[in-house]
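Quick notes on the structure that follows.
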Amino acid sequence: MEKLLTLIIPTYNMEKYLRTCLGSLIIGEWQELLEVLVINDGSKDSSSAIAHEYANKHPESFHVIDKENGNYGSCINRGLKEATGRYIKILDADDYFDNASLKLFIQKLQSVDVDLVLTDNTIFGDNNISKKYYGFNLPSDSELVFADYCNSFKGCMQMHNVTYKRDIFSRFNYHQTEGISYTDMEWIFAPMARVKTFIYFPIPLYKYLIGREGQTISPEQMKRFVSHSLKLTNSMLSMYGEIDEVLPTIHSYLYFRLSRQVKSLYRIFLVEYSGLELDGLITFDNRLKTEQPGLYKESANITMSPLIHIHYVDNWRKRAYASQPKWIYILFNSYTKVLNLYKKILRINHV
């Protein structure tokens with residue numbers, strides 16, 4: 001039977017979460033429409049064995065690909081080569097789908113023919129308590145023109161919301177950066193330049209875990225993998241330069257995603273984590289000045305916060321790329337702690 005949806009599941013040492021992830025994909029009479037590709041990225045725990053259990057029980061939909069470790073992007077690239085479904089979506093092995101929503105999603109997906117399908121997601125903690133629900137203020141259940149709406153959701157788009165028609169990857173040579181983390185940002189960047197039509201289903205499909213020990217978005221891991229953030233931003237800059245002409249609104253979406261990543265990179269190196277080696281950032285800054293002078297100029301106006309109007313990137317450039325004074329990092333992190341405490345108090349009082 002022809003597959004309707006391929007799920008790519010990058011997996012590395014996820015034995016604690018993988019059964020929950022894969023168990024959420026058992027959907028009864030619609031199982032044969034689903035292709036599940038578990039890409040085991042050289043796991044050293046029992047992840048592969050768990051995945052093979054599901055493949056043995058449900059050979060019509062579950063398949064395991066055991067490969068040497070190459071990090072997240074290598075799993076996506078391998079999954080794209082193996083995928084046969086009409087649509088394709090990524091599911092991280094420590095996350096899972098709402099099972100009822102997946103059944104509904106499969107039913108709805110059978111009757112559409114668009115380049116992109118958007119769905120909602122829920123963020124939850126390691127205690128399985130829901131923390132936040134993310135949806136979109138869009139017309140639902142009807143085909144829409146991507147260029148007409150893309151800027152209305154550009155700030156809240158995440159990998160968790162996206163399902164692509166696999167056919168769009170035949171229109172260009174998409175290759176996700178290998179050997180680093182955070183490349184889910186590329187998944188919601190370069191392919192969007194090829195999207196013409198989309199549909200929004202307001203169903204809470206994706207359940208996204210935060211707070212897991214060792215998660216790459218934790219402050220400790222962000223500092224450890226700063227070189228990954230640098231490589232990712234360089235990659236997105238290259239992708240942006242290679243994109244063919246697109247409609248102005250789609251160009252605006254792509255520019256926004258690149259600009260946000262560039263600003264995040266400067267923040268990581270220049271105000272969040274002290275003591276980092278800045279040679280790579282200096283090289284990137286000079287590249288940005290040459291290839292995207294408008295964004296280079298725009299980044300000079302980045303301030304530390306809405307309340308602290310210190311243009312730290314511009315100051316760093318004027319100081320001939322000298323290391324930032326430590327008080328910059330102390331000020332920013334103190335402000336962040338106070339802001340987070342204030343938000344926590346507001347949430348408690350709201351409840």
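The values are calculated or read from the model by the stated rules, or taken from the named source; none is laboratory data. Bear in mind that the values here come from a model prediction, so they are computed numbers and not experimental data. Glycine gets a Cβ as well: all are built from the backbone with ideal geometry, and neighbour counts include every protein chain shown. SASA here: full protein model, heavy atoms, side chains in, ligands and nucleic acids out. Shrake-Rupley method; radii C 1.70, N 1.55, O 1.52, S 1.80 Å.
Against the main long axis of the alpha-carbon atoms of the chain, helix 226-242 sits at an angle near 80°.
Could you look at the chain and say what percent of its accessible area is carbon and sulfur, using a 1.4 Å probe and all protein chains? It would help to have the intermediate numbers written out before the result.
Details: 8590 of 16470 Å².
Carbon plus sulfur share of accessible area: 52 percent.
Computed over the chain, the P(r) tail beyond 39 angstrom holds 17 percent of alpha carbon pairs. Restricting the stretch 259-320 to trypsin sites (Lys or Arg not before Pro) that sit in a DSSP loop and have at most 14 other Cβ atoms within 10 Å of their own Cβ leaves Arg319. Could you tell me whether the stretch 54-143 comes out rounded, prolate or oblate from its Cα gyration tensor? Rule is a ≥ b ≥ c as square roots of the eigenvalues, rounded for a/c under 1.5, then prolate if a/b exceeds b/c, otherwise oblate. Oblate shape, in that a/c is at least 1.5 and b/c is the bigger or equal ratio.
Each residue of the stretch 251-262 was assigned a 3J(HN,Hα) from its phi angle through the Karplus expression (A = 6.51, B = -1.76, C = 1.60, θ = phi - 60°), giving 4, 4, 4, 5, 4, 4, 5, 5, 4, 4, 5, 4 Hz with x at Gly and Pro.
Surface exposure of the chain, expressed per residue as accessible area with a 1.4 Å probe, stands at 47 Å².
Students often get this wrong, so check it: of Lys3/Lys165; Lys89/Lys196; Lys165/Lys207; Lys81/Lys103, which have C-alpha atoms separated by over 24 Å? Walk me through the numbers on the way to the answer.
Details: Lys3/Lys165 12 Å; Lys89/Lys196 18 Å; Lys165/Lys207 21 Å; Lys81/Lys103 26 Å.
Violating the 24 Å Cα-Cα cut-off are Lys81/Lys103.
Kindly rank 236-242, 97-103 from highest to lowest mean number of other beta carbons found within 10 Å of each residue. Numbers along the way, then the final one.
Working: 236-242: 16.7, 97-103: 18.6.
Result, highest mean first: 97-103, 236-242.
Listed by chain and number, the lysines whose alpha-carbon sits under 23 Å from that of Lys289, ignoring those within fewer than 8 places in the same chain, are Lys231, Lys263, Lys297, Lys318.
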